[in-house]
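Asker: Pasting a structure here, questions to come.
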Amino acid sequence: MANGWPRRAARWAGGPARKKSPLAKNKKKLPFVYQPIGLALSWVSGAVAGLAFHQAWKAFRHEDVAPDALDQDRGWGEILLAAAVQGAIFAVVRSAVDRTGAKAIARSTGVWPVAGEGAGRG
């Protein structure tokens, strides 16, 4: 364009294209390496969350078995309360385990395991 717009836009966006550092190359490869580790961490977090929920339900309601959605003898309130407590515990445990795993990978490799801003779970 006559007014020099493409050059100014490139300058505003951080300047002309630069060579990528070796770390930038690792950032693209690391998410693929992290996937099996992330899968194992997710499995562990689900198991830990299940145990934590059963212990919390025993302490909260003094019952050995939490209500299931298909329990005919339980009311809506009790079923929804159990689902909410289970969901909250699962989310907290999963986030804690995922964050701990990501920080461990970053500490050992120097690169955050998930590429980009907010590229975690949707």
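Asker: Given R₀ = 25 Å, FRET efficiency for ASP73-TRP43 by Cβ-Cβ distance, to 0.05? Walk me through the numbers on the way to the answer.
Answerer: Numbers: r = 32 Å, r/R0 = 1.28.
Once rounded, the FRET efficiency stands at 0.20.
Asker: A further question on this structure: Run the 1.4 Å probe and let me know the accessible area of VAL111, rounded to the nearest 10 Å².
Answerer: My reading of the accessible area for VAL111 is about 10 Å².
Asker: Quick check: residue separation of VAL92 and ARG61 times 0.36 nm, minus the Cα distance between them. What number comes out in nm?
Answerer: 9.1 nm
Asker: Kindly report the accessible area of segment 42-122 per residue (heavy atoms of protein chains, probe 1.4 Å, no ligands, DNA or RNA), in Å².
Answerer: 69 Å²
Asker: Accessible area of SER95, 1.4 Å probe, to the nearest 10 Å²?
Answerer: Roll a 1.4 Å probe over it and SER95 shows about 70 Å².
Asker: Just to verify a number: what accessible area does TRP112 come out at with the full protein assembly present, 1.4 Å probe, Å² rounded to tens?
Answerer: Only protein atoms counted, so the area is about 110 Å².
The values are calculated or read from the model by the stated rules, or taken from the named source; none is laboratory data. Everything quoted here is computed from the prediction, not taken from an experiment. Every residue, glycine as well, gets a Cβ built from its backbone with ideal geometry; the counts of neighbours run over all protein chains shown. Please note that ligands, DNA and RNA were not included when accessible areas were found on the heavy atoms of the full protein model with its side chains. Shrake-Rupley method; radii C 1.70, N 1.55, O 1.52, S 1.80 Å.
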